[in-house]
1. Return yes or no: is residue 138 among the basic types (Lys, Arg) and over 25 Å from residue 35 (Cα atoms)?
2. Go through (1) among the hydrophobic types (A, V, I, L, M, F, W, C); (2) surrounded by fewer than 16 Cβ atoms within 10 Å (Cβ to Cβ); (3) at pLDDT 95 or above for residue 99 and report which single condition fails.
3. What single numbered condition from (1) touching a helix residue (DSSP H, G or I) at 6+ places or on another chain (Cβ under 9 Å); (2) surrounded by 15 or more Cβ atoms within 10 Å (Cβ to Cβ); (3) in a strand (DSSP E or B); (4) not acidic (Asp, Glu) fails to hold for residue 93?
Amino acid sequence: MRVREFQSEIWLPLPPDALFSFFSDAANLDAITPPWLHFRIVTPLPIEMKQGALIDYRLRVHGLPLRWRTRINVWQPPHRFEDEQLRGPFQQWIHMHTFEARDGGTLARDHVRYAVPLDFLMHRWFVRPDVKKIFKFRTEALRMRFAREQSLPI
């Protein structure tokens, strides 16, 4: 099994506890997931986010319906959390989210370690481009959401 890595980061103009709070609500995943994935949380909301929490989703990738189960392995508000796919399309998907106070805001980082079946065929042509598009969408959605909130009068 070949394990790949993907990293992304974005600086947002709000404190780590405020950004972590947004990520603590699983219902917000829909707002930062591309519509072409037809993403839906199956686990009843609200979900108590904590170490060991399980979250079930349904989505479509290239038209194929998929079920995905995530477990929260690490939960350290407001600094970091890690989710791991227990069931889904990947042989491995471990996603660490970190939130670091920087320059009056928060540097949010994503570090994903993943492996796919038939890596030599699937990674270059399907998986890597999809991962890049998903995180690009997510970055833009976060930027638009929080830049807009910061520009509202108090």
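The values are calculated or read from the model by the stated rules, or taken from the named source; none is laboratory data. What you see is a predicted model, and the numbers here were worked out from it, not measured in a lab. Counting neighbours? That spans all protein chains shown, and the Cβs are built from the backbone with ideal geometry, glycine included.
1. On the way: among the basic types (Lys, Arg): yes; over 25 Å from residue 35 (Cα atoms): no.
Judged against the criteria, residue 138 is not a match.
2. Checking residue 99 against (1) among the hydrophobic types (A, V, I, L, M, F, W, C); (2) surrounded by fewer than 16 Cβ atoms within 10 Å (Cβ to Cβ); (3) at pLDDT 95 or above, the one that fails is (2).
3. Unmet for residue 93, out of (1) touching a helix residue (DSSP H, G or I) at 6+ places or on another chain (Cβ under 9 Å); (2) surrounded by 15 or more Cβ atoms within 10 Å (Cβ to Cβ); (3) in a strand (DSSP E or B); (4) not acidic (Asp, Glu): (1).
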